[in-house]
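Every number here is computed from the coordinates shown, using simple stated rules; none is lab data. Small disclaimer: the values here were computed from a predicted structure and weren't measured. Virtual Cβ from ideal backbone geometry, glycine too; neighbours counted across all protein chains shown.
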Amino acid sequence: MKKQRILLGLVLTLGLFAPTVSADGLPFAVTPQPMKAQLDKTAHYYDWKTHPGQVVVLKMQVKNLTQTTKTVRMIPEPARTNPLGDVVYDRTVGQAINSRLGFDKLATSTQRIKLSAGQTRHLTVKVRLPKTMGNGVIAGGLHFQEVTAQRQRSQQQMLANRYAYVLGVVLHTGPVKKVSKVNLQARTIGHQVGIAISNKANQFVNQVKVTQTVKDAKGHVVH
């Protein structure tokens, strides 16, 4: 009997918090300030327990790592999931995690920070949670990027540095429970079987691992 190959696809609703852009080569550093509300003390992003109607105050430090004056722009971005199930902070990629309660709509608007050589400044971002929201998660990212003033000769327009850093934010309202069940949907195409895995819970499922067993019609394991 021929063994069937299994294709495992992750639906866009699976969330894994991994940095989307490396901080290598950046002229500045961003450090989140520790707070008692932090759930995961080992996380390098904000992972807070909150409640509806709360004004969440996120504090961080931004340091200029160079010997010249730098201007850094901070933009709140909504969290989205790409086809691989990773959380990204690009409005043009993937699927919105919660378009109605978008992080960019709830957080402080864009800020610019001017830093002299080696200077460290404190930055505060406020996130206003709706009073009417239920239990779940609001996720987003604080997108930091250097603002440059280089001019392109042909177009005479401002250019932005392509290097950036994103500081993730996950705000939990209500109890944080273990997700015990996900939805599976199998699709057969020729000799291939595709399985879509979707998380319908109102919280993230992180570090997902998938194992599979293929059985024939009599229940015998063939793979």
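Could you work out how far apart the two model spin labels at residue 55 and residue 84 are, taking each label as a point 7 Å from the Cα in the direction of the beta carbon, and quote it in nm?
It works out to 4.0 nm between the two label points.
Would you mind computing, in nm to one decimal, how far apart the modelled labels at residue 44 and residue 112 are, each placed 7 Å from Cα along Cα→Cβ?
2.9
Beyond 30 Å between alpha-carbons counts as too far, so tell me which of 63/131; 70/131; 36/63; 36/105 fall in that bin.
Exceeds cut-off: 63/131; 70/131.
Under a plain spin-label model, where a point goes 7 Å from the Cα along Cα-to-Cβ, how far apart in nm are residue 126 and residue 73?
Between residue 126 and residue 73, the simple spin-label model gives 2.4 nm.
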